[in-house]
Amino acid sequence: MTNAFDPLKYKNQKLTIKSTWQGATIADVYVLNLKTNVDGRGDLTEIWTLNWEDSKILPIEHAYYNLTDAGVTKGWHWHTHTFSQYVCLAGKMQIVLIDLREDSPTFCEVNQFVPSSKNPQFIKIPPFVLKGWKALEANSVIINLLSSKDTKDNFKVPMENFLPDIWQPRNE
């Protein structure tokens, strides 16, 4: 099966960065701020449970984690029918999303997040939204709790094609 979606046709499209770093601005992206329980023994953060009554969180069919070295940027990639559900388990990451769904009310909008072990977030990303991340600390770990077990539903374009200057930190 070939993927008919070509994000490079939007390469010269004006993208609107509306991100406030505080929450979702792209349609169908969902963010849940996770709670960390701290005591003298350590920290505990619940990252997903079937008992959550939040219908915006999807069942998991496939999961993986990615350890990224400090300063490394990964992406851009997208899915055609799979939702990604990210949690940064360790370190700190900058996650950038670009809405390339022509029928979306937020078409060409950019959304950014900086989840970390100190700012745990569950971020649900719909199909056809480009995504990438940069590790802002050494040994940053992101887990992806995918809504589909279809490992062939993963497509990529080179990083330099979109927003090469968006990555943090910037000393302005």
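The values are calculated or read from the model by the stated rules, or taken from the named source; none is laboratory data. Quick caveat, the model's predicted, so the values are computed rather than measured. Methodologically, a virtual Cβ is constructed for each residue, glycine included, from the backbone with ideal geometry; neighbour enumeration extends over all protein chains shown. Quick note on the areas: whole protein, heavy atoms, side chains included, nothing else; ligands and nucleic acids left out. Shrake-Rupley method; radii C 1.70, N 1.55, O 1.52, S 1.80 Å.
Observations on the structure shown:
- Each residue in the range 10-24 was checked for being open to solvent by 100 Å² or more (accessible area, probe 1.4 Å) and either at pLDDT below 85 or within 14 Å of the chain's Cα centre (by Cα) (or both), and 2 pass.
- All of GLY71, GLY75 fail the test of being in contact (Cβ under 8 Å) with a residue 40 or more places away in the chain and assigned to a strand (DSSP E or B), apart from GLY75.
- Meets criteria (surrounded by fewer than 16 Cβ atoms within 10 Å (Cβ to Cβ), out of contact with any Asp or Glu (no Cβ under 8 Å at 6 or more places or on another chain) and of a type outside the set (Ser, Thr, Tyr)) for GLY71: yes
- Residue selected from the range 93-128 under the condition β-branched (Val, Ile, Thr) and farther than 18 Å from LYS156 by Cα, by the criterion surrounded by the most Cβ atoms within 10 Å (Cβ to Cβ): ILE123
- Taking every residue in the range 38-58 that is more than 13 Å from VAL87 (Cβ to Cβ) and open to solvent by less than 70 Å² (accessible area, probe 1.4 Å) and pairing it with any residue that is of a type in the set (S, T, N, Q) and modelled with pLDDT of 90 or more, at least 6 positions away or on another chain, the pairs with Cβ-Cβ distances below 9 Å are LEU58/GLN85; LEU58/SER147.
- Screening ASN51 against (1) in a strand (DSSP E or B); (2) out of contact with any Phe, Trp or Tyr (no Cβ under 9 Å at 6 or more places or on another chain); (3) more than 25 Å from ASN3 (Cβ to Cβ) leaves a single unmet condition, (1).
- Some residue of the range 81-92 being over 16 Å from LYS156 (Cα atoms), open to solvent by 20 Å² or more (accessible area, probe 1.4 Å), in contact with a Lys or Arg (Cβ under 9 Å, 6 or more places away or on another chain) and of a type outside the set (A, V, I, L, M): yes
- The range 131-172 - residue that is over 15 Å from TYR86 (Cα atoms), out of contact with any Leu (no Cβ under 8 Å at 6 or more places or on another chain) and of a type in the set (A, V, I, L, M) and, of those, most open to solvent (accessible area, probe 1.4 Å): ALA138
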